[in-house]
1. Please enumerate the residues belonging to the stretch 26-35 that are of a type in the set (Ser, Thr, Tyr) and not in a strand (DSSP E or B).
2. Look through Glu52, Glu61 and report the one residue that is surrounded by 13 or more Cβ atoms within 10 Å (Cβ to Cβ), of a type outside the set (S, T, N, Q) and within 12 Å of the chain's Cα centre (by Cα).
3. Please list, ordered by first then second residue, the pairs with beta carbon atoms under 8 Å, 6 or more apart or interchain, first in the stretch 36-59 and assigned to a strand (DSSP E or B), second modelled with pLDDT under 95 and surrounded by fewer than 13 Cβ atoms within 10 Å (Cβ to Cβ).
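The values are calculated or read from the model by the stated rules, or taken from the named source; none is laboratory data. Remember, predicted model here, so these are calculated numbers, not experimental data. Backbone-built Cβ (ideal geometry, glycine too); neighbour counts: all protein chains shown.
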Amino acid sequence: MATVTYQVPNITCGNCVNTIQMKLGGLTGVSNVRATAATKEVVVEFEPPASEDQIEALLTEIHYPAAM
C-alpha cells in the first residue's frame, strides 16, 4: 500500500472535497482518499492497479490538478 499527498490549489469548498473523494475513490486500487479544503491537500492510499500517474491524470481531468 502506498500513500501520496498532493497540493491541489483549486480546492476551495466542501463541494470540491466531495467531488475529489468521490472520483478518486472510484479508481480500482484506491482504498482511501482524504481531501481537505483548509490545507488544499489530497491524501490518497492506493495499491496496483492504481498508480500515481493515473491519480494525477484524473485530478487534472476533473479540474483539480496537483501543483508541481
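1. Passing the criteria: only Thr28.
2. Step by step, each of Glu52, Glu61 is checked, and only Glu52 is surrounded by 13 or more Cβ atoms within 10 Å (Cβ to Cβ), of a type outside the set (S, T, N, Q) and within 12 Å of the chain's Cα centre (by Cα).
3. Partner pairs satisfying both residue conditions: Glu45/Met1; Phe46/Met1.
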